[in-house]
Amino acid sequence: MFYGGDYNPEQWPEEVQEEDVALMREAGVTAVTVGVFAWSRLEPSEGEYDFAWLDRVLDRLHDGGIEVVLATPTASPPPWFTLAHPAGLPVNADGVRLTHGSRDTYCVSSPEYRAAALRIAGELGRRYARHPALAMWHVHNEYGTDCRCDLTAAAFRTWLEKRHGSLAALNEAWTTAFWSQRYSDWAQIMPPRATQYLPNPAHVLDFRRFLSDSFLDAFVSQRDLLRTFDPSIPITTNFVQGDWVSVDHARWAEEVDLVAVDHYPDSAGMSAEEQTAFAGDLARSWGGGRWLLMETAPNLIYTPGRMHAKEPGRMIRHSLGYVARGSAGAMYFQWRQPLGGAELFHSAMVPHAGPDSPVFREAVSLGRILENLPPLGDPPRSEVAVTWDAQSWWALQGAGLPSADIDYAAAVRQAHRALYRAGVPTDFVFPGLPLDLDPYRMVVAPHLYLVSDRAADAFQQFVAAGGHLVTGALSGIAEPSTRVIPGGYPGAFREASGVRVTEWHPLDPATPIALDDGSAAHGWSERVELAGATAWARYAGGVLDGEPAITRQEFGRGVFWYVSAGLDDESWRRLLGVVAAEAGVSPLVPDLPPGVEAIRRGSLLFLLNHSSSEFRGIAAGSFAVVEGQGWKALR
């Protein structure tokens, strides 16, 4: 079990570092991440290295029985680098070159940056690959810095030529006949920058794909260099999500030895627990069952505009939720709260108040809990999956869409939330990769905008073989190039769904939409023609009064459900409950009350009581871990 967090000894004198090791041992810490932002300390001027302090840190940690996840510090180039190599600074979409003063001030396409990054990684590898404290390499930090400079433009053109093969193919894929955008020379293509009106959506999407591949190439170059020093040491980088992150993590997962994820819930209410479940299920699915929570906040939740202090027991419950969903431990940002800098009030296991504090006492309790857990097996494969497709997400962030309120990530989270509240264990599947849907009885595919022929065939075969598929608005609309599939929506799924959508009717999100089965919706409706499907529910009132809203078609041995309305959470939960029952899917533990969560990992059943009431001997805000397969074991 990895238990600990990001440790920044370069910020503290030696006497504090001595205290740190003693406190880590008291808390049961097993591993810390070192060096993430230490480049300027490790290389104070170009080619001049200072490793003596890091030698002492690693030796001290090893003597204290604490393993080290050693980072390459390449997310934060030092001031000397940006002064000597100004072309290594990023350029934003307005064409403005940013200045040094934060982390992530680099251009991944800069040869000078890439060379400097490999040099410092190589020096670390040569010196520490055989150090007895080293447990894992942590390359970079949260890849995702966007740059649109001329160096990036040249690299983008090279990438486009490899992807499309010819300008004729690119012009066809990008529909450049529109608005006289046809390219006659590769040199005419630039990264998407600020423009007069709407940018070409295919151009923007390909640029995000290019960025993902460029970041991956930067990671792989460091990874492969580090492997030359000792191939037995595992190597990872920390995945971070956000609508600004141009990284397709599902594609990256096969390039790391252990998927590592940073996750910070952003709600003070119960949705923080729902977000924790979402992140854990997604990471487990990326990692093929096993992954690592590399960063989360121990005692704060960063809600918009303020920092919410976690209630007693919440740090433990969140951490166990990740572990139950397959994490190889619980790591935090950060170990000790800094006294200055841009994140001086960021959450930490040792806060400004010191170890005599609620968060440190809870960290000590969690360390003992993790140490005393019985052996952890792998989480079982679920019978239900939700689709996650980064490229559909990026495409639906584009301009010129029928509603400014379209939110891919929110739609996927809503589907997962409905299953979470129903107590149904859930995996994720990735339509941009080869799909194996055989383990599943039921798949939910919200807003799956881009669908390749290969993915469409996989979904159709899944239903024909007896699967139950639920999709709807904004799904099956376009090819991966973003070119619309003509003939009516949902183009890629028309045959299997038995419907043909001829019009979208987006509304203000506050506008209520009623269905005749009692379901409530808002914000989105469609004119749906039946082409073999039957109407499960119809619109009640408004311009679409009496028209199909939710449809069901038996296709082969399975069933295809199409949901055209923007259902609210409760309506989604009820509908997916109906589909699950038809598919033969049951909750892991039936009839759990709201706020009580059950997760199975191996032979262990984790029961997390997030509610304010005692449940079956589990105090409010507490947990139980039950060995064996039966619920009765709790008694």
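Here the Karplus relation 6.51 cos²θ - 1.76 cosθ + 1.60, evaluated at θ = phi - 60°, turns the backbone of region 502-516 into coupling constants of 9, 8, 9, 10, x, 10, 4, x, 7, 6, x, 10, 9, 10, 6 Hz, with x for every Gly and Pro.
Residue order for HIS62, HIS249, fewest other beta carbons within 10 angstrom first, comes to HIS62, HIS249.
Each of (1) 21, 55, 23, 2, 0; (2) 18, 49, 30, 3; (3) 18, 55, 26, 1 is a candidate for P(r) over Cα pairs in 20 Å bins from 0, in percent; the one calculated from this structure is (2).
Taking label positions 7 Å along the Cα-Cβ direction at both ASP453 and LEU83, the computed distance is 5.8 nm, reported to one decimal.
Phi-derived couplings, Karplus 6.51 cos²θ - 1.76 cosθ + 1.60 at θ = phi - 60°, listed residue by residue for region 383-391: 9, 10, 9, 10, 7, 9, 9, 4, 6 Hz, with x used for Gly and Pro. A Förster distance of 30 Å, applied to the separation of the beta-carbon atoms of HIS352 and SER221, puts the FRET efficiency at 0.15. Placing a label point 7 Å from the Cα of PHE51 along the Cα-to-Cβ direction, the residues of region 113-141 whose backbone N falls under 18 Å of that point are 116-140. Near the amide H of GLY329, within less than 5 Å, lie the amide hydrogens of PHE2, LEU293, all on another chain or at least 5 residues away, with H placed in the peptide plane. As a rough footprinting exposure proxy, the listed residues GLU15, GLU112, GLU274, GLU597 were ranked by other beta carbons within 10 Å of their own, and the order from fewest upward is GLU15, GLU112, GLU274, GLU597. Extension gain, GLU503-ALA624: 0.36 nm per intervening residue step, less the Cα-Cα distance, totals 38.5 nm.
Summarising the strand pairing of the chain, around 50 percent of its internal DSSP beta bridges are antiparallel. Taking Cα centroids, how far is region 490-560 from region 175-235 in Å? Result: 37 Å between the Cα centres. With a cut-off of 8 Å between alpha carbons and a minimum separation of six or more residues, what is the relative contact order of the chain in percent? Over the chain, the number comes to 10 percent. Segment ALA154..ASP569, full-extension length gain: 144.8 nm, with 0.36 nm per residue of separation and the alpha-carbon distance subtracted.
Which FRET efficiency value, to the nearest 0.05, is calculated for GLN181 and ASP243 with the Förster distance at 35 angstrom and r the Cβ-Cβ distance? Calculated value: 0.85. Ordering VAL220, VAL245 by the number of other Cβ atoms within 10 Å of each residue's own Cβ, fewest first, gives VAL220, VAL245.
Taken one residue at a time, the phi angles of region 325-335 give Karplus couplings (6.51, -1.76, 1.60, θ = phi - 60°) of 8, x, 5, 7, x, 9, 10, 10, 10, 8, 6 Hz. Gly and Pro are set to x. Which of rounded, prolate or oblate describes region 384-583 when judged by the alpha-carbon gyration tensor and an a/c cut-off of 1.5? In terms of gyration-tensor shape, rounded. The relative contact order of region 482-590 comes to 21 percent, based on Cα pairs under 8 Å that sit 6 or more residues apart.
Dividing the mean sequence gap of close Cα pairs (under 8 Å, 6+ apart) by how many residues region 1-150 holds gives a relative contact order of 25 percent. Quick check: the distance between the Cα centres of region 582-618 and region 42-91, to the nearest angstrom? The two parts, judged by their Cα centres, are 45 Å apart. Note on ASP94 and ALA510: the model spin-label points, each 7 Å out from Cα along the C-beta direction, lie 3.1 nm apart. Using only side-chain charges placed at the Cβ, +1 for Lys and Arg and -1 for Asp and Glu, the dipole size of region 1-122 relative to its Cα centre rounds to 580 debye.
Taking every full run of DSSP H in the chain, the ones that stretch at least 30 Å from end to end by Cα along their long axis and average -1.0 or higher on the Kyte-Doolittle scale are 201-227. Taking a ≥ b ≥ c as the square roots of the eigenvalues of the Cα gyration tensor, region 146-206 is classed as oblate, since a/c reaches at least 1.5 and a/b does not exceed b/c.
Between ARG103 and VAL484, what FRET efficiency comes out of the Förster formula 1/(1 + (r/R0)^6) with R0 = 41 Å and r the beta carbon distance, rounded to 0.05? That pair, VAL484 with ARG103, gives E of 0.55. Spin-label pair GLU529-ARG616: with each label point 7 Å from Cα along the Cα-Cβ axis, the two points sit 5.2 nm from one another.
Since every read-out is calculated from the coordinates, none of them should be taken as a lab result. None of the values given here were measured: they were computed from a predicted structure. Ideal geometry is used to build each Cβ from the backbone, glycine not excepted, and the neighbour counts take in all protein chains shown.
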